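Encoded as C-alpha cells, the structure appears first; notes follow it.
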Amino acid sequence: MQMNDKIYLDYSATTPIDPRVLDKMMPYFQEIFGNPSSIHIYGQRAETAVEEARKSISDTLHCSLNEIIFTSCGTESDNLAIRGVAFAERARRGADHILISPVEHHAVLNTASQLVSNFGFKLEYLPVDKYGMVQPDDVLQRIKPETALVSIIYANNEIGTINPITEIGEICQKAQIPFHTDAVQAGTYLGLNVNKLNVDLMSLGGHKFYGPKGVGALYIREGVEVLSTQTGGSQEAGLRAGTQNVPYIVGMAEALQIAQEARKSASESMIELRDLIIDNVLEKIPGSHLTGHPKLRLPNHASFVFDSIDGNLLLSMLDIRGYSCSSGSACKTGNPEPSEVLLSMGLDDKLALGSLRVSLGRWTTADQIECFLDTLINTIIKMRSSI
Ligand SMILES: *Cc1c(COP(=O)(O)O)cnc(C)c1O
C-alpha cells in the first residue's frame, strides 16, 4: 500500500483505495460501460449499478433512495448544498441570512463568502470554543426567521474536533431552518444516520474513506428545496445534471459500506495509536500544544502547534526523513498565512504557523508511530537549536 521507505501519516488529506473497492469498480470501465440514461441493455446495466450504489448508501444513512444525489466530490456536495439551499430559500421566503462556523472547510467558507460578495446574502459566523467546537446554545441565539440555512462541519479536517451535530440539528428542526453538515471527514469512523443526526443535508466524499477521488454524494432530506447549480439533463432528479460516473459511484458505495461495517473496531485501534502520539508529544516536546478537543475528536487524528517552530519547515524536514504529514488542510503550502481555523480558536498568528497534523489509517502500525515520534522529537530539537 505504501512506498517502501516512506510512511504516510496524512489519511485526513486522502486515503489509498481499498483493493476490494478497486475490484468492484473494474468491470464498469470496459464491460459495463453504458450510459445509465440509455434505454438499451448497456444503459440498463449501468443504471442498475448506480441504483444499487444509491441503495447501499441510503441504507447506511437510514434515508430513502431519492434523498441521495451523486456529485463529483465532497466540494461539489458542499457547493450544491450551500448555494442550492440559499437560492431556493431566498426565492421561497426571502431568507438571506447564512449561519456557519468559522471552522468550516474552504468548500463551505468560500461558497458562503461568494454568496455574500456576489449575490447579496448576509453571512454570520458562530463563535467556537478553545477546541474549535460549536455550542448548540450559540446556534439557538443566532438562528432567526431570515436564516436561509445553517451549516456546521461534522468532524473537522484540521483539528479533528467533532461537533454536537445532533443537538444543533434539533434546534434547526424546531426553527424549521435547513441544516447542512459537511461530513466528508466522518465516513470512516463516525455514525452517519441522518435521523439520529437531525440533519437535512449532508456531504460525503469518496476518497476520505478508501474510495476513489472525484466522486461524492449529497443527502437531501425529502421536502428540502434546493436549486440545481449544474443544469442540463435530468440525472439525479434534475439536481445535478451530467452523466453519472458509474465506476466511481460503485466504488464509493462499496468503500462506505466496508468502512462503516468496520468503523467501531477501526476506531478502537486508531484511538490507541492516536493517544500514543498525543501523550508522547505533549510529554516529551516542550512548548507543544494539542489543537482540537482532547477526546471528542476523530479517532485517527492528532494535531498540534509548537512554540518557535515554522510549520512548513517542519513538514519538509519530516518529509525528507520519510514521514508524510500535513499542517492541517491539504491546501498547498507556500503561503505562510496562519490558518483561519486556528485563529478562530484564539491562537495567535505566530503559534498558528507552527502547526502539524498527523492522521492515521488502516495501514499505520505502532512501530511506525514509535519511529515517527523519535524523528519528530529530534527534528524539533534540531530546529529550535538552529534558530
Ligand atoms: C476533503 C474535504 C472536503 C473536500 O472534498 P473533496 O472530495 O476533496 O472535494 C470537504 N470538506 C472536508 C471536511 C474535507 O475534509
How many residues does the range 88-106 hold that are within 13 Å of the ligand (Cβ to nearest atom) and crowded, with 21+ Cβ neighbours inside 10 Å? 5
Before we move on, is VAL199 over 19 Å from LYS295 (Cα atoms), more than 16 Å from the ligand (Cβ to nearest atom) and among the hydrophobic types (A, V, I, L, M, F, W, C)? no
Considering the range 50-87 alone, what residues qualify as being more than 13 Å from the ligand (Cβ to nearest atom) and outside any helix (DSSP H, G or I)? HIS62, CYS63, SER64, ILE68, ILE69
Among helices (runs of 4 or more DSSP H) completely within the range 339-387, the ones holding 1 or more residues that are aromatic (Phe, Trp, Tyr) are 366-385
GLY232 vs. criteria more than 16 Å from the ligand (Cβ to nearest atom), surrounded by fewer than 24 Cβ atoms within 10 Å (Cβ to Cβ) and on the phi > 0 side of the Ramachandran plot: yes
Applying the selection to the range 334-358, what residues are more than 26 Å from ILE377 (Cβ to Cβ) and touching a strand residue (DSSP E or B) at 6+ places or on another chain (Cβ under 9 Å)? SER344
Subset of the range 313-323 [crowded, with 16+ Cβ neighbours inside 10 Å and either free of Cβ contacts under 8 Å to residues at least 40 places away in the same chain or hydroxyl-bearing (Ser, Thr, Tyr) (or both)]: TYR323
Single match in VAL226, VAL215, VAL194 (criterion: within 16 Å of the ligand (Cβ to nearest atom) and within 21 Å of HIS105 (Cβ to Cβ)): VAL215
If I filter the range 338-348 for residues that are among the charged types (D, E, K, R) and touching a residue at least 60 places away in the same chain (Cβ under 8 Å), do I get at least one hit? yes
Considering the range 168-186, residues that are among the charged types (D, E, K, R) and out of contact with any Gly (no Cβ under 9 Å at 6 or more places or on another chain), and then whichever is nearest to the ligand (Cβ to nearest atom), we arrive at GLU170
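For (1) buried (at least 18 other Cβ atoms within 10 Å of the Cβ); (2) of a type in the set (Asp, Glu); (3) farther than 18 Å from ILE82 by Cα; (4) at pLDDT below 95, each residue gets a yes or a no:
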site	(1), (2), (3), (4)
LEU123	no, no, no, no
ASP129	no, yes, yes, no
ASN156	yes, no, no, no
THR161	yes, no, yes, no
ILE165	yes, no, no, no
ILE177	yes, no, no, no
GLY187	yes, no, yes, no
LYS208	yes, no, yes, no
SER228	yes, no, no, no
Looking at the range 136-167 only, could you name the residues that are in a helix (DSSP H, G or I) and in contact with a strand residue (DSSP E or B) (Cβ under 7 Å, 6 or more places away or on another chain)? VAL139, ARG142, ILE165
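The values are calculated or read from the model by the stated rules, or taken from the named source; none is laboratory data. Source: prediction; values computed, not measured. Note: ideal-geometry Cβ built from the backbone for every residue, glycine included; neighbour counts use all protein chains shown.
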